[in-house]
Amino acid sequence: MTHSLHREGSRDNLNNDFVMLTTVAVGYNEENAKEKLKEHFRIIAKYDPVNMGSHGTGHLYTCKGSCADTIIDNVKGKSHTHNAVFSDIETLGKVLKELNDAELGLSVIISGVYDEVKKACEYAGLKPHTVNFSLGVHGNTAKLAKQKIREITTMCGHGMISANLVEKMVADIQKGKITPRRAAEKLCHPCYCALFNVERAESLLKEMAVNSY
Amino acid sequence: MKINFEMCIGCENCIPYCPMGAIEVKDEVVFINSDECVECGVCLSSANCPVEAIYQDELEWPRVIRSQFSNPKKPHKSSTKRHGRGTEEMKTNDVTGRFKRGEIGLGIELGRPGVGVRLREFEKFTVAYTKLGLELEKANSAYALIQDPSTGKLPPEILDEKLMSIIVEVKFGPERLQEVLEETKKLAKDLDTVFSISIISKVEDNGFVPILDMVKEAGFKPSVNCKTNVGLGRPLAEEV
């Protein structure tokens, strides 16, 4: 599905938001999928991702103890995508290069600003193969939550993060009841697939708590 | 999803967690509006009810559709057996070759972001696209809901079911892009929800994406961010 597409935001704040999805092609290259997916997470973990995991493994903000190790242990095999989030293009380029060198044969998809992703591909010796662009939101748009709220809620493509919860977190930050970081982590919890960028959410929440939105 | 009234202490902590705003208070009783609830399970998994008063009741047909399309942890037991709302689409295109050079994939995700969708709105798209002669993607779990593939109609008893979102997937050649997007614009006018559009194509060897100019000509603005398959999958699909 398109759960990492349609992330809303300005070019500036999307420049710190790169989602990596890795998957086997069911029926084509499932052999040793479990070990390959574990190895791909071992590579990713070395680069201190903002988030990593899947709905089957848990993610960095739901697991207990040594999170990356727990997530790697929990990899079951071929089904669903295995995901990670990075906040800068340089790190993304390095991860892609190491994945390219590892020759795991898994499909890797990056969600992010296309011009930046192309640079990371070039660094890693790769060429974009296929793209999926969003053409925006249409229909009865009067029903949508406010734009700034959507910049946070659309980081979970399954729609698990409530606009009302974002508003409550902003109000609680304004009252001094919670820090922006803790609020971002609470918002991350319902996003099972590890696509939520806690660093970006923290930054957006700080901004929303000070300015009207 | 239900709240056990006898256990509930009325703290209202769960209310903001519901993505559909379906948890309400009436006469000091907190309850879930079952017509608006899409069975996504967020209240149960994330709201941390201090007395564990929230519970998942048994869902029967057709209500079970809500859970399958709204809760990413629930598989589509009666159709694809997969989790989620779509297919591998372009994610594995380097290996499957599902989208060949010149072919365009279109995904219409109804209800997204954060609004939800009744299946009668989804049916408007399946009927209209079928009338255009487009073939709906059979690997998508949504296809299993269609009662008559020749018309795109759904069974009447499921039309009022509300889901977090559902995706219509089609594929066609570039010569049909303007026509399909024009039809999509018409459908947007009378819709009681929102939808997000995604468009898929292979990248030229020089990094150029020809469909971007074509969608701009049709009056759409592509986002600056997108999903990029970086071509690491093996064995690589060969283009015939």
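All of the numbers you see were taken from the coordinates with simple rules; none came from a lab. Bear in mind that the values here come from a model prediction, so they are computed numbers and not experimental data. Neighbour counts are summed over all protein chains in view; Cβ atoms, including those assigned to glycine, are modelled from backbone coordinates with ideal geometry.
Quick one: in segment B:41-63, of everything that is among the aliphatic types (A, V, I, L, M) and surrounded by fewer than 16 Cβ atoms within 10 Å (Cβ to Cβ), which residue is farthest from the chain's Cα centre (by Cα)?
B:51
If I ask for residues that are among the small types (Gly, Ala, Ser), assigned to a helix (DSSP H, G or I) and within 17 Å of residue B:64 (Cβ to Cβ), which ones from segment B:115-162 would you list?
Narrowing segment B:115-162 to residues among the small types (Gly, Ala, Ser): B:116, B:128, B:133, B:139, B:141-142, B:144, B:150, B:152.
Cutting the leftovers down to assigned to a helix (DSSP H, G or I) gives us B:128, B:141-142, B:144.
Across segment B:115-162, the qualifying residues are B:141, B:142, B:144.
Condition first: out of contact with any Pro (no Cβ under 7 Å at 6 or more places or on another chain), among the small types (Gly, Ala, Ser), more than 7 Å from chain A (Cβ to nearest Cβ) and closer than 15 Å to residue B:177 by Cβ. Now tell me which residues in segment B:94-108 satisfy that. Before you say what the answer is, go through the steps one by one.
To start, the set of residues in segment B:94-108 that are out of contact with any Pro (no Cβ under 7 Å at 6 or more places or on another chain) comprises B:94, B:96-101, B:103, B:105-108.
If we keep only those that are among the small types (Gly, Ala, Ser) as well, we get B:97, B:105, B:107.
Remaining after also requiring more than 7 Å from chain A (Cβ to nearest Cβ): B:97, B:105.
Matches in segment B:94-108: B:105 only.
What residue, among those in segment A:120-143 that are over 22 Å from the mean Cα position of the chain (by Cα) and not in a strand (DSSP E or B), is surrounded by the fewest Cβ atoms within 10 Å (Cβ to Cβ)?
That would be A:142.
Checking residue A:168 against (1) more than 7 Å from chain B (Cβ to nearest Cβ); (2) closer than 26 Å to residue A:211 by Cβ; (3) part of a helix (DSSP H, G or I); (4) among the basic types (Lys, Arg), which single condition isn't satisfied?
Against the list (1) more than 7 Å from chain B (Cβ to nearest Cβ); (2) closer than 26 Å to residue A:211 by Cβ; (3) part of a helix (DSSP H, G or I); (4) among the basic types (Lys, Arg), residue A:168 comes up short only on (1).
Is there a residue in segment B:113-130 that is crowded, with 16+ Cβ neighbours inside 10 Å, within 12 Å of chain A (Cβ to nearest Cβ) and of a type in the set (A, V, I, L, M)?
For segment B:113-130, residues crowded, with 16+ Cβ neighbours inside 10 Å, within 12 Å of chain A (Cβ to nearest Cβ) and of a type in the set (A, V, I, L, M): present.
Every residue in segment B:177-222 that is charged (D, E, K, R) and either under 20 Å from residue B:93 (Cβ atoms) or touching a strand residue (DSSP E or B) at 6+ places or on another chain (Cβ under 8 Å) (or both), please. I'd like the intermediate steps shown before the answer.
The first filter runs over segment B:177-222 and keeps only residues charged (D, E, K, R), leaving B:179, B:182-183, B:185-186, B:189-190, B:192, B:202, B:204-205, B:213, B:216-217, B:221.
Residues satisfying the conditions are B:185, B:192, B:202, B:204, B:205, B:221.
What tally of residues in segment A:171-213 results from selecting those that are out of contact with any Pro (no Cβ under 9 Å at 6 or more places or on another chain), assigned to a helix (DSSP H, G or I) and within 20 Å of residue A:62 (Cβ to Cβ)?
Looking only at that region, the number is 12.
Out of the residues in segment B:29-60 meeting the condition of being touching a residue at least 24 places away in the same chain (Cβ under 8 Å) and touching an Asp or Glu at 6+ places or on another chain (Cβ under 7 Å), tell me which one is nearest to residue B:76 (Cα to Cα).
Checking each candidate, the answer is B:31.
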